[in-house]
1. Name every residue in the range 13-69 that is under 17 Å from Pro80 (Cβ atoms) and among the β-branched types (Val, Ile, Thr), in order of residue number.
2. Evaluate the range 70-77: report whether one residue or more is under 24 Å from Asn95 (Cβ atoms), in contact with a Cys (Cβ under 7 Å, 6 or more places away or on another chain) and part of a helix (DSSP H, G or I).
3. Scanning the range 55-91 for residues that are farther than 20 Å from Ala44 by Cβ and under 15 Å from the mean Cα position of the chain (by Cα), which turns out surrounded by the most Cβ atoms within 10 Å (Cβ to Cβ)?
4. Determine if the range 114-125 includes at least one residue that is of a type in the set (A, V, I, L, M, F, W, C) and over 15 Å from Val55 (Cβ atoms).
5. Within the range 100-116, which residues are in contact with a helix residue (DSSP H, G or I) (Cβ under 9 Å, 6 or more places away or on another chain) and among the hydrophobic types (A, V, I, L, M, F, W, C)?
6. Go through (1) under 18 Å from Arg40 (Cβ atoms); (2) of a type in the set (Val, Ile, Thr); (3) part of a loop (DSSP other than H, G, I, E, B) for Thr109 and report which single condition fails.
7. Could you tell me whether Gly114 is farther than 25 Å from Ser19 by Cα and either surrounded by 17 or more Cβ atoms within 10 Å (Cβ to Cβ) or under 12 Å from the mean Cα position of the chain (by Cα) (or both)?
8. If I filter the range 85-98 for residues that are at pLDDT 95 or above, under 20 Å from Thr113 (Cα atoms), assigned to a strand (DSSP E or B) and among the charged types (D, E, K, R), do I get at least one hit?
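The values are calculated or read from the model by the stated rules, or taken from the named source; none is laboratory data. Note that this is a predicted model, so its numbers are computed, not measured. Neighbour counts run over all protein chains shown; Cβ positions are idealised from the backbone, glycine included.
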Amino acid sequence: MNQHASKTGVPPSVGADVSGIETLLNRNLPEVFGEGDSARRRAAIKELYTEDCVVYAPPGTFVGHDALDKFAADLRATHPHFVYTPYGTPQVLHNSGRLSWGSGPKGETPAYTGVDFIIARGGKIAALYVYLDSPPT
């Protein structure tokens with residue numbers, strides 16, 4: 001904690017767009033990674049991500065809308081019937097946020113789980129870090 005915040009008691013996310021970052025996290029799962037329709041997925045990517053976005057995921061690093069769209073489409077193709085279910089609510093700190101989730105057939109125990117961490121810029125996701133708790137099956 002910096003000295004200014006500790007002296008004033010100001011919470012660390014004062015001034016941050018908390019609800020906007022929560023919305024980005026909540027929409028990213030179903031509208032980008034859970035979306036099977038390519039046109040809807042591309043529209044969501046354009047709306048939710050900066051042009052120069054970077055996604056850091058176990059298979060590699062993906063830069064820009066086209067690379068993100070291909071990664072999301074390829075991932076979706078491996079498990080087309082899976083849904084992403086958030087666990088709890090997003091947590092926001094300054095210009096970042098995180099959300100835990102599970103993925104698997106709807107109504108069943110998730111086949112794998114993970115956590116998304118984002119860095120927001122200008123109301124969009126500039127960077128996404130995907131951590132897997134258990135590998136996809």
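1. Selection gives Val32 alone.
2. To start, the set of residues in the range 70-77 that are under 24 Å from Asn95 (Cβ atoms) comprises 71-72.
Next, from what is left, pick out any that are in contact with a Cys (Cβ under 7 Å, 6 or more places away or on another chain): none.
No, there is no match, as no residue in the range 70-77 is under 24 Å from Asn95 (Cβ atoms), in contact with a Cys (Cβ under 7 Å, 6 or more places away or on another chain) and part of a helix (DSSP H, G or I).
3. Within the range 55-91, the first condition is being farther than 20 Å from Ala44 by Cβ, and the residues that meet it are 58-61, 87-89, 91.
The next check asks that each one be under 15 Å from the mean Cα position of the chain (by Cα); those that pass are 58, 61, 87-89, 91.
Working: Pro58: 10, Thr61: 10, Tyr87: 12, Gly88: 8, Thr89: 11, Gln91: 16.
This residue is Gln91.
4. So far as the range 114-125 goes, no, none of its residues is of a type in the set (A, V, I, L, M, F, W, C) and over 15 Å from Val55 (Cβ atoms).
5. Here is the first cut: in the range 100-116, the ones in contact with a helix residue (DSSP H, G or I) (Cβ under 9 Å, 6 or more places away or on another chain) are 101, 103, 116.
Of everything in the range 100-116, just one residue is in contact with a helix residue (DSSP H, G or I) (Cβ under 9 Å, 6 or more places away or on another chain) and among the hydrophobic types (A, V, I, L, M, F, W, C), namely Trp101.
6. (1)
7. Numbers: farther than 25 Å from Ser19 by Cα: no; either surrounded by 17 or more Cβ atoms within 10 Å (Cβ to Cβ) or under 12 Å from the mean Cα position of the chain (by Cα) (or both): yes.
Taking the combined requirement at face value, the residue does not satisfy it.
8. Yes, the range 85-98 has at least one match.
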